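Trainee: Mind looking over this structure? Questions follow.
Values in this text are rule-based calculations from the coordinates and carry no lab data. Not measured: the values here are computed from a predicted model. All Cβ positions, glycine included, derive from the backbone under ideal geometry; neighbour counts span all protein chains shown.
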Amino acid sequence: MNGEGRHMSEANTLKDGTRIQVDLKSTDVLFNATGTLDAVAEVGEQLAWLGAALRSSPYSSAVASCTPHIRDLKIEKRSNDQSMASCYIDFNIDSVHVEDVTASDGQCWHALFNNPVLVEGFPIQARPERNTGIEIPLNVMAELAGARRLQTFAGNVFIKSFSCILLLTKRVADIVVWHFLFNDNGEHICYTDPRIRDIAAPWCQNAELHSLQSARHVVGWCSKVSSLAGSPNANYSIDWSQLQKGHQGCAFEKVVISGGQFVTLGASFVVGKKDKPVFIKARDDYLSQLRWISQKFVILYDVDDRRAWMIDGCSALLHLVRASLEHNRDDEFAESFLFDSNQLEEAYPIRVGKAAAISVLTNERNSNIKIHQKRDDSYDEETTTQDGNVDRVTKRKTTFYCFKDRVDHVYHILEQIIAYQAQIESQDGVGFKVRSSSRRQLEGFDFMDIASDQDPLYPRVITLASSGVGWVDFARAMHAVTLFGRGFGDLFTSASDTHPCNQWRDVPKGHDHLAVCVSDLQWILKRRGSTASTPWRLVDNIIWYNPDKIFAPCKGEVATNSCCDRVQVLLPSSTLSLWTRKYISPARLELSGAVIFGHNRKLPLRWGDSGDPEEVEAAKVNDAVSLVSEAHDSGIGSSIASTPSSVAISQVSATSPRVSRVVERGPGTWLFNLAKVRRLKGVAGGKGNGNERK
C-alpha cells in the first residue's frame, strides 16, 4: 500500500478478473470496481454489509440498528457496450429500544453482547418459526457465553459458564432454540436456578449431544414462561468403593452425572473486546470457579475403615485431580501420558489445607503443565505475492491438554453434584429428598468414578450404624457432597510427637466418625453459626456439645474405661428444652487441629431416622458400635436398626489391597496437642464461663 499523509491507495485483481482499486482520502473511502454487472453488484453488496457490520455503536449498552442505503446513483453509457455507475453508500444508525431484555420475546440474546450493531436490509435463511431470536453458530455461541461444553443436567441440555447459562428450550426441524440467562452482577449461576425451573422441559431424555453439533442454533426464546486432602503427600492409590448403586427410594435414585461434550470448532474466529458484556468481561472464570467451590464442602468416606473426613471444595478438587493423574499414569494410555509430578510447584510449607490447595491450583506454571498431546490441527495457507504468484504452505498447530484443563473438567463434575445436593426448592428436588431421607442412609458418588473419568456417573449408597449418624444433619445442612472410596489413608494425622492421648492420634476406624479441620469449622461458625450463644450454634439449628475433653491432656489409661472420649456431639437445638443436661461447648479451638464428630459414650444416644435423638443406656449404644467394628473386619457394613431384618446394602472386599502409608498434615497439630493449646492465638470461641471443657 502506497500513501502520503492520509491518502492511501491499493489495487488488486480477483480470480474472476474483477479489478478493485481502493483510495482512502481523509474520512472518505473510494472504491473503483471493474468487471461484469453481477460481479460489480456483489462488490457493492459486500461493501454495504462490511460498512454496517463493522461499525461501532454510538450507544454504550443498547442494541443499535444500522441500515446501509445508496444515494446519488448515476449510470453512464460508454462506448463498446460498457457502462459506468457511481453512487454513495451511507449508513443510518438507530437504537433498538427494549424495556426488559429478559421479558421480551426472542430478545434474550441482547445480553450476550455489550453494545451490538444489528444490520438490517439483508436476507437470512428461512426458519420454521418467526421472531425466535438470533442465529449463531454453536461454537461462537459458546465462546460468547465463556463456555466450552454441552452439559446435561436433570434431563435438560445446557451450555454453562460461571455467571451465565444457555438452556435448550425446543427443537423445530433443524433449528435448536436456546434461552440465555445470566447474573448481571457476575455471581455464580446454578443449574437449579429458579428461572430455569420455570421454563425448562426435559427435552433431551434420550437425545445425543453430538446431534446438536450439526444443527442450526437460535438464541432468543421467550422468558415469560494438616489436612492431606489435595497434598502431594497423600495416598492416591485409592480404590473403588464397590458400593451398590442407589436403590429405589434413595434421594439420588434417578440422578446420572455426565461429563458433557466439548463444543467442536468451526471456522476460526475471535470475539472482539467491545462485544463482550460487562458481567462476563469482569470475571475470570477459572478464579471465579475456584472461589465458588472453595466455599463448598465434600465428605470423603472410607468404606473399609468406616470413617469420614469433611474438607473444603478446593482441597477436594485438587485431591481428585491428583488421583486422576495417578490413575492415568498406569492406565492403558500411559504411553501418551506426559505429566511429570516433579514439575508441579507445591505450596510453601506455611500454607496448609485450603490455602495450600488454592496456591497449587492458581499457580500459572502448574496450569500449563502438559498431560497429553491433542490431535494436530493442520491447514493450508495461500499467499499472493505482489507479482501475482501464489505460495501455498501447509501449517501444523500442536496443542496440549494441560493441568488446568483437568482441573476444569473435574470442577464441572463436582459442580453438577453440588447442584443436585443443594436442590431443595421443591419436593422433587434431590436436596429436598436428601434432607427428608433416613439419617442412616448416606448417599453420594464413587471417588474413583470421578477420578477415572467414568461417564455417566451413578450414585452410591451406604448404611451407617445408628450410633454414627450424629453428624448427618450437619452434613446435610452444609449441602456437603459425599464421595466414597477405599484406602484414603489418614487424611488428617499428627504433625507433632506430643499427643495428649495416644488413643486419639488418628481418626478411629469402624465407628463412622466424621473429622473436620478447625479452620473449616471456624469458617462455618463465622458465616452460618454463632459462638456468642451457649452452647455454640454450628449451623442453622444444630448445636455443638463437648461431653468430655477436646484438646486437654488425658489423665486416664488407654486400657481402662477411665480414658477420655474426645468425640464431639452435634444435636438439634430442640433438645435444649427436652433435657435438663447442661450443654457445654469447647472453651477454645486449636486453629491447626481437627475435631471428630460422632457418638460419645458419655452421652449415649439413640438416633432415629428423623427427629430428636433419645438418651439410652450406654451398654445398648456400645453394643451397636461393637457390631460395626465386627462388620468392618468382615468387609460388610452393618446397619443397626430397630428390627433384626435390617442389613447393610454395602459390600466391600476384606482381602482387597490396602495402603498402610501414614503421612503428615503439615505444620500445625492434630486433634489434641497440648503444646499448641498453651500458645493459642486467634481461636474461635468467645468468653469462657468456667464450666467449658478443654
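Trainee: My understanding is that a pair violates if its Cα-Cα distance is over 24 Å; which of LYS549/LYS582; LYS370/LYS395; LYS354/LYS582; LYS25/LYS74 do that in this structure?
Mentor: Correct reply: LYS354/LYS582.
Trainee: May I ask you to list the trypsin sites (Lys or Arg not before Pro) in region 113-192 that are in a DSSP loop and have at most 15 other Cβ atoms within 10 Å of their Cβ?
Mentor: ARG130
Trainee: Taking the alpha-carbon centroid of each part, what is the distance from region 329-400 to region 291-317 in angstrom?
Mentor: If we compute the Cα centre of each part, the gap is 29 Å.
Trainee: Skipping prolines and chain starts, which residues have an amide H placed within reach, meaning under 5 Å, of the one on ASP565, given they are 5 or more residues away or on another chain?
Mentor: Amide H neighbours of ASP565: LYS549.
Trainee: Once all Cα-Cα distances of region 1-97 are split into 5 Å bins that start at 0, what whole-number percent is in each one?
Mentor: 2, 10, 17, 20, 19, 14, 9, 5, 2, 1, 0
Trainee: Still on this structure, I have one more. Based on the mean of other Cβ atoms within 10 Å per residue, sort peptides 604-615, 327-338 so the most packed one is first.
Mentor: 604-615, 327-338
Trainee: Under 5 Å between amide hydrogens, which residues at least 5 positions from ARG149 or on another chain qualify, with H placed 1.01 Å from N in the peptide plane?
Mentor: Residues meeting the amide H criterion: LYS160, VAL263.
Trainee: Please list 110-119, 42-51 highest first by mean number of surrounding beta-carbon atoms within 10 Å per residue.
Mentor: So the order, starting with the most tightly packed, is 110-119, 42-51.
Trainee: What residues have an amide H closer than 5 Å to that of ILE371, excluding those fewer than 5 places away on the same chain, when H is modeled at 1.01 Å from N in the peptide plane?
Mentor: Excluding prolines and chain starts, which carry no amide H, the hits are TYR401, CYS402, PHE403.
Trainee: Something else now. Treat the count of other C-beta atoms within 10 Å as a stand-in for reagent exposure and order THR385, THR18, THR132, THR482 from fewest to most.
Mentor: With the fewest neighbours first, THR385, THR18, THR132, THR482 line up as THR385, THR18, THR132, THR482.
Trainee: Could you order peptides 369-378, 520-529 by the average number of other Cβ atoms within 10 Å of their residues, highest first?
Mentor: So the order, starting with the most tightly packed, is 520-529, 369-378.
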